[in-house]
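Quick notes on the structure that follows.
Please treat every number below as a calculation from the coordinates, not as lab data. All values reported here derive from a predicted model rather than from experimental measurement. In this analysis, Cβ positions are derived from the backbone assuming ideal geometry, glycine residues included, and neighbour counts consider all displayed protein chains.
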Amino acid sequence: MRKLYLGNGNKQFKFADTTTEIHLSALDNGSAATLSADAKVRIKNDSGYLLDVNAGIDNNHAVITSGQLAKLPTGGYLIELWDTVDGGTAIYPSDGFLTLQINENVTGISGGLVSSITVDDFVQQFSSLSEQLKQQVSDAVANGLKGDTGADGLSAYQVAVINGYQGSQTEWLTSLIGETGKKGEKGDPGKDFRIVKTFPSIAEMNGTGFSDGDFTMIASDVNDPDDGKLYVWNGTGFTYIADLSGSQGIKGDTGKTGDTGEKGDPGDQGLSAYQVAVNAGFSGSVDQWLASLVGPQGAMTTQDIQSVVTNMLSYKVLASGSDLFTLINNTGYTKHYCITTNAGASSLLNCPVKTPFALDIKTSSLANQPIGTTGNATYVYNVLELHPINSNSIWTAAISTDGQGNIIATPWKSLTAN
């Protein structure tokens, strides 16, 4: 499809103006056409063909001047661009024409000076024109005026070509992509994990003695739903991080019943513990004595809490010969492993490297969720991230269990860290 556009916006000029340049931009199937020195501009009106003029080529635009059209009287004209291509003739545009307007100049109104009219004549003509305009506006408001459908607009690439761009649409799109930005600076090291203080409740938490990044924990009793909750100080208040209290452990299997022993001789009737207490000076009923035996629930110490967190964050050395695809993690938090020698790494099964590394096994399963067995369909899903020493590569894999407890492994894949 061939199209023709005005390259500099000049599509009209006044009669007797001989200096205006008219730039024409030709497109062939959306790309700029390469014009030859044989290009001509042909002009017609409602009466038929009138004139053709030779076009100059400037920056791949066909250029004619208003002086070449001096023979044409004022009025509207339709133009085409004809060019020789491979021994044939290419006509732009393929559909329709490009319009050109030659306007009257001040002397072209009647071929001489403008005639004068009287004030009364002017008032009469203006009044008649005013009434006519009022009627046209009234009709437009009552009936509404629907404009003609506008022509398809130019693409951004076509606008670029009209304004002098030379190249294909693919080259133009490539020119729009800027250079890759600079890599940002490395951030400051994070603060070491440390629990500065514990509080018996959330209501009693305060920031005295805390700095940004310091941790605190609620240490009350097992019946308190807030017990074991971890918070970090952000400079103005505490932000909740996680609940470290843990979930209820799995109940163990019932042991086998032992053999019945031989019946012993009856022993002497002994004193009950309550009677011993009374003999030792206790004063009160059996129920009161029993109630006195129950002490208050003990609170976790800071050392206890730090021991739990340290255990969660520490790295465990893998035993030689371990199979990495059997390290199922159903704890509810990330488990950390490492190997410190080449020989140790070489002994491992399903290991992608033969050098020391750190291994994180992340889980999306609930804490202490059992591995599935036949008739007990539960599932565990882990993601493994392996970081070799002195390398910017990261190895990833995944292991999961199906409803029967079978382990399904997704092979290792190497990534390169930025």
Long-range amide H partners of Leu51 with built H, under 5 Å: Ile43
Computed Rg/Rh of the range 185-232, alpha carbon atoms with Kirkwood Rh: 1.10
Amide H contacts under 5 Å for Ala398, placed H, 5+ residues apart: Leu384, Thr410
Karplus 3J(HN,Hα) series, Hz, for the range 52-64 with 6.51 cos²θ - 1.76 cosθ + 1.60 (x for Gly, Pro): 9, 10, 6, 9, x, 10, 10, 6, 6, 9, 7, 10, 10
Loop-resident sites, the range 162-200, for GluC sites (Glu not before Pro), counting at most 12 other Cβ within 10 Å (DSSP): Glu179, Glu185
Normalised per residue, the volume of the convex hull around the Cα set of the range 2-103 (Å³): 94
Net length gained if the chain between Ala273 and Ser138 were fully extended (0.36 nm per residue, minus Cα distance): 37.4 nm
Total formal charge among the other residues, if their Cβ is under 14 angstrom from that of Asn382, Lys/Arg +1 and Asp/Glu -1: -2
Burial ordering of Met217, Met1, fewest other beta-carbon atoms within 10 Å first: Met1, Met217
Volume per residue of the C-alpha convex hull in the range 1-52, rounded to whole Å³: 125
Segments 318-326, 258-266 sorted - mean Cβ within 10 Å per residue, highest first: 318-326, 258-266
Alpha-carbon centroid distance for the pair the range 223-238 / the range 143-182, whole angstrom: 57
